[in-house]
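Reviewing the structure listed below.
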Amino acid sequence: MPDAAQPAADEKVRSESPLHVAIIMDGNGRWAAARGLPRAEGHRRGVEALRRVVRAANELGILHLTIFSFSSENWSRPASEIGDLFGLLRRFIRNDLATLHRDGVRVRVIGEREGLEPDICALLGEAEELTRANTRLNLVVAFNYGSRQEIARAAQRLAREAAQGQRDPASIDADTLGRYLDAPDIPDPDLIIRTSGEQRLSNFLMWQAAYSELVFVPMHWPDFDKAALESAIAEYSTRERRFGGLVAKTGS
Ligand code: FPP
């Protein structure tokens, strides 16, 4: 339960700070390679960084934190690494769910569930169900997620409704499609951070990123911490957001 000192998510005030931060947690493999360690160790240390950052996000008054945990394209990795990543997700949920719940975190999952192992689906469902009423921070876990796939799924549902005569195709605009994405109630990210120096979106939240500020951080994900998050937010707060218009404003 949120404690009295910390306002509930819906009570937090809008400020220069981003309300929704999304992170591409990149560089686990390079972090490990630079130390002569197996890639799995990089991912394990990546989960530790994730714990730190969820705590920090809560302390900094961020309302929504989206993390890219496993992409639709990560299936092309060796089976052993995929097994490692799925094992880490299992352990993360089993070990951390109670703490997340205690800290007022609501877990949401975006991405394709179909094709995932039944125990993973059950764990994801359990995390969403247990934390459903929490309001301090939405932790949106993008798992088996790809933005093109998400948009295609939304288009497919709309096309089905139109084919069944339940929807006039002429009524479909950008807002309509946006409402058919995986988490339509979560506002677009204000800030997207990618670690490890790569400067691309890699099929992450491409629809939602239309007016996000992008901050690329040279450090690898396992080294990321509260100070690094604060520094990315400081960079964000120097940006002038115009949303295609002329008048500067902050937040989405
Ligand atoms: C990128 O590093 C990271 C990933 C593919 C997955 C991110 C996963 C974690 C932080 C740990 C798992 C967390 C959960 C909750 C499952 P990379 O392997 O692409 O690194 P590289 O580009 O240096 O090879």
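Only residues that are away from the ligand (no atom under 12 Å from the Cβ), out of contact with any Asp or Glu (no Cβ under 7 Å at 6 or more places or on another chain) and in a helix (DSSP H, G or I): list them for segment 27-69, please. Residues satisfying the conditions are Arg55, Ala56, Ala57, Glu59.
Out of Arg108, Arg113, Arg91, Arg102, one residue alone is of a type in the set (D, E, K, R) and within 11 Å of the ligand (Cβ to nearest atom). It is Arg91. Is there a residue being assigned to a loop (DSSP other than H, G, I, E, B), out of contact with any Gly (no Cβ under 7 Å at 6 or more places or on another chain), free of Cβ contacts under 8 Å to residues at least 60 places away in the same chain and among the aliphatic types (A, V, I, L, M) anywhere in segment 104-116? The answer is yes; a qualifying residue exists.
Taking segment 180-223 as the range and being outside any loop (DSSP other than H, G, I, E, B) and away from the ligand (no atom under 16 Å from the Cβ) as the test, the residues that pass are Leu191, Glu213, Leu214, Val215.
Applying the selection to segment 154-169, what residues are touching a residue at least 12 places away in the same chain (Cβ under 8 Å) and of a type in the set (A, V, I, L, M)? Walk me through how you get there before you give the answer.
In the first step, residues of segment 154-169 are kept if they are touching a residue at least 12 places away in the same chain (Cβ under 8 Å); the result is 154-155, 157-158.
Scanning segment 154-169 gives Ala154, Ala155, Leu158.
Would you be able to tell me the number of residues in segment 144-179 that are part of a loop (DSSP other than H, G, I, E, B) and exposed (fewer than 12 other Cβ atoms within 10 Å of the Cβ)?
Residues of segment 144-179 that are part of a loop (DSSP other than H, G, I, E, B), as a first pass: 146, 164-168, 172-173, 179.
Retained after the next criterion (residues that are exposed (fewer than 12 other Cβ atoms within 10 Å of the Cβ)): 164-166, 168, 173, 179.
Matching residues across segment 144-179 total 6.
Every read-out reported here was derived from the displayed coordinates using simple, explicitly stated rules and does not represent laboratory data. The model shown is predicted, which means the values in this text are computed figures rather than measured ones. Heads up, the Cβs are rebuilt from the backbone with ideal geometry, glycines too, and the neighbour counts pull from every protein chain shown.
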